[in-house]
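Each value in this text was obtained by applying a stated rule to the coordinates, not by laboratory testing. Note that the structure is predicted; figures quoted are calculated from it, not measured. Backbone-built Cβ (ideal geometry, glycine too); neighbour counts: all protein chains shown.
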């Protein structure tokens, strides 16, 4: 109940360079979850993105951290249904979008987090 009160009446302080995505996260998630999502958004500045290939309407990206080019994460983005899937599986385990997904959202010019990536309370 306290978390919901803070979510409804508190205002998030936007600190990342991806203001639209961060604002969207602040509106969609409760404060505690928003804090986790915000950390994922903040890491995007340290990530590099390579467009690997496209298969029909699906774009396949490789994402890696500037300091660790040995570990590449594959992210698939479907242009038609705006579906984003990452091989790190953070979405499957914690049910929040991962930094790799946010990197693709940044590349594709998203202004808000897709509804498919926001679980209903």
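Note on residue 19 and residue 67: the model spin-label points, each 7 Å out from Cα along the C-beta direction, lie 2.9 nm apart. Modelled this way, with points 7 Å down the Cα-to-C-beta line, the labels at residue 112 and residue 82 are 0.8 nm from one another. Helix 31-43 and the longest principal axis of the C-alpha atoms of the chain enclose an angle of approximately 30°. Using C-alpha pairs under 8 Å with a sequence gap of at least 6, the mean separation divided by the residue count of segment 47-121 gives a relative contact order of 22 percent. Computed per residue of the chain from DSSP H runs no shorter than four, each worth -39500 (n - 2.57), the mean residue ellipticity at 222 nm is -10500 deg cm²/dmol. Each of the peptides 33-45, 56-68 was scored by the mean count of other Cβ atoms within 10 Å over its residues; in descending order, highest first, they stand as 33-45, 56-68. Rounded to the nearest 10 degrees, the angle from helix 19-28 to the longest Cα principal axis of the chain is 50 degrees.
Quick one: plug the Kirkwood hydrodynamic radius of the chain (C-alpha pairs) into Stokes-Einstein at 37 °C, 0.692 mPa s, and report D in µm²/s. Taking Rh from Cα pairs, D becomes 220 µm²/s.
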